[in-house]
Every structure is written in C-alpha cells, then in structure tokens.
Amino acid sequence: MEITNGAQITKSKKAKIIIYSKPGDGKTTVAGKLPGKTLVLDIDGTSQVLEGYSNVDVAKIDINDPHTSILKFYGIAKANIANYDNIFVDNLTHYQKLWLMNKGENTKSGMPELKDYALFDNHILKLIESFNSLDANVIYTAWETTRSIIHDDGQQYNQFVPDIRDKIVNHIMGIVHVVARLVRKADGTRGFMLEGNQSIFAKNHLDQRKGCLQEELLVSSTKEKTGGNK
C-alpha cells in the first residue's frame, strides 16, 4: 500500500465524466466538440449527429451481444489509447436495457431473472472502473430520470439523476470526477450544470466551475494534440 502526503497529491489530468439529460438535448453532439481526438462507442444509434466531425471515430455496439461487444470496444480503446484524447461511451442507460433484454431472451418468460440484475450491477461497475483506468478523458452519457429524496427533516423532493439502476447509480456517480446535467435554454443555448442542489444531482471535482457551455465541458486537450481538431 502506497502512502502519499497531501502536499504531493494533484488533481487528475484525465477527466472521468458522466453527462446526462433527456433524449435529444445534445449529449452525443458533445463528442464532436471535445478538444483532441475522440473514440465513440455508439450504443443508442445516435452517432449520425456527428456527421462531418473529422476529430471523431465511431464504433457501433452489436445489439445482439452487447456484453461481448463493449468488452471488445474496451480492448480496442486500450490498445489504441495513444491515438485518442477522449473515450466517449454513449450511452449507459441504453446499454443497461440492451444487456438485460439480451438476458431475457434466454428465459421462458422473456424477462431477465432476478440474478441477472445483480450480475449486471457487478458487470457495469467493473466495466466503468476499467474504462476509468485508461490514460484518456472518459465521458459516459445517460438519459435522465428522477428519484425521491427524503431530507433529514422529513421533507420529500424529487431529484434529477442519470437513468441508471437505483442500486448502483450512487456508486457510479461517486467514482467519476464530474456529473453534469445538460440543459437547453429557450433560446437554444445548451450548457452543463456542474453544481448540484436538491432537485438536480451534479458535481465537479476538477475545477471551480459551477456551469459551462456545451462545447466547454473539457477546457483544453490534456495531450496537447491538434491533428484531430475540427
């Protein structure tokens, strides 16, 4: 076990981020606006919005075998990590659905068994830990949902969170640096909320920003490469 003095601890130079919003608000488009070169895993079939972005390479998941497919993508990303500044996994909500649907196809009822949910929880946590270990910025997307929160004083309120299984969503949000909710104003401007409140879960452990524009999620390329920039 290695022990490091606090004076020698520095913030990570490789961001691990979850971005979430309702469908159609522009999460996938963020991949094209990131500085440097980005490798995208298209899980939900929305990569067509990245048409024209020469700084982006896209792999598409095999919907008939999502488990094996995402592991293959991880292997490709790891083997080629020197060529990419960012790994973009789009999106976790749909991956969860595909994975459980795939399990259901092997049962008489056509529905996943109870044990499959626990297996998925272990699988996705290990998977995110593996992606987080890559020497690149890693951005995950998810759709949004709400959960009921009961305050210490008994007051109950609803909070927006990434649409990931209740049993693991806190764990997943805890092992990334940033959880950002993408919002769109009436004038069409899109940006991220980086600071949470009772009604929205968000956090930013990388810098002091409380919010940013859609194209400013990462303020600079961590590898100082320009060849892939659009």
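The values are calculated or read from the model by the stated rules, or taken from the named source; none is laboratory data. The structure presented is a predicted model; accordingly, all values stated were derived computationally and were not measured. As a convention, Cβ positions derive from the backbone with ideal geometry for all residues, glycine included, and neighbour counts pool all protein chains shown. All accessible areas refer to the heavy atoms of the entire protein, side chains included, with ligands and DNA or RNA removed. Shrake-Rupley method; radii C 1.70, N 1.55, O 1.52, S 1.80 Å.
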Using protein chains only and a probe of 1.4 angstrom, how many square angstrom of residue 209 are accessible, to the nearest 10? 70
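Given a 1.4 angstrom probe, I'd like the percentage of the accessible area of the chain that is carbon and sulfur, rounded to a whole number.
Working: 6170 of 12290 Å².
Accessible surface attributable to carbon and sulfur in the chain totals 50 percent.
What percent antiparallel are the DSSP beta bridges of the stretch 69-216, to the nearest 5?
Details: 16 of 21 bridges.
Roughly 75 percent of the beta bridges in the stretch 69-216 run antiparallel, per DSSP.
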Convex hull projection area averaged over all views, the stretch 24-94, Cα basis, nm²: 4.6
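With every protein chain kept in place and ligands, DNA and RNA left out, what is the accessible area per residue of the chain? Probe 1.4 Å, answer in Å².
Numbers: 12290 Å² over 230 residues.
In whole numbers, the chain has 53 Å² accessible per residue.
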Would you kindly find the accessible area of residue 113, with a 1.4 Å probe and non-protein molecules such as ligands, DNA and RNA excluded, rounding to the nearest 10 Å²? 90
Say the dipole of the chain comes from +1 at the beta carbon of Lys and Arg and -1 at that of Asp and Glu; which of 157, 206, 68 then lies farthest toward its positive end? 206
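Around residue 94, under 14 Å between beta carbons, what's the net of Lys plus Arg minus Asp minus Glu among the other residues?
Numbers: positive: 22, 27, 60, 97, 165; negative: 42, 44, 62, 90, 144, 163.
Charge balance in the 14 Å sphere: -1.
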Order of exposure, largest accessible area first, which applies to 201, 192 with probe 1.4 Å: 201, 192
At 1.4 Å probe size, with no ligands or nucleic acids counted, give the accessible surface of residue 150 in Å², nearest ten. 120
Past 25 Å, Cα to Cα: identify those pairs from 33/185; 22/115; 27/185; 78/103; 33/103; 11/72, in the order given. 22/115; 78/103; 33/103; 11/72
About its Cα centre, what dipole magnitude does the chain give when the only charges are +1 on Lys and Arg Cβ and -1 on Asp and Glu Cβ, stated in debye to the nearest 20? 280
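Note down the net charge around residue 48, summing +1 for each Lys or Arg and -1 for each Asp or Glu among other residues with Cβ under 15 Å from its Cβ. Can you show the working numbers first?
Values: positive: 27, 60; negative: 42, 44, 51, 57, 90.
Taking every Cβ under 15 Å from that of residue 48, the sum is -3.
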Percent of alpha carbon pairs in the stretch 61-202 separated by more than 23 Å? 45
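Can you tell me the order of 154-161, 51-58 when each peptide is scored by its average per-residue count of other Cβ atoms within 10 angstrom, highest first?
Values: 154-161: 13.5, 51-58: 15.5.
Ranked by mean Cβ neighbours within 10 Å, highest first: 51-58, 154-161.
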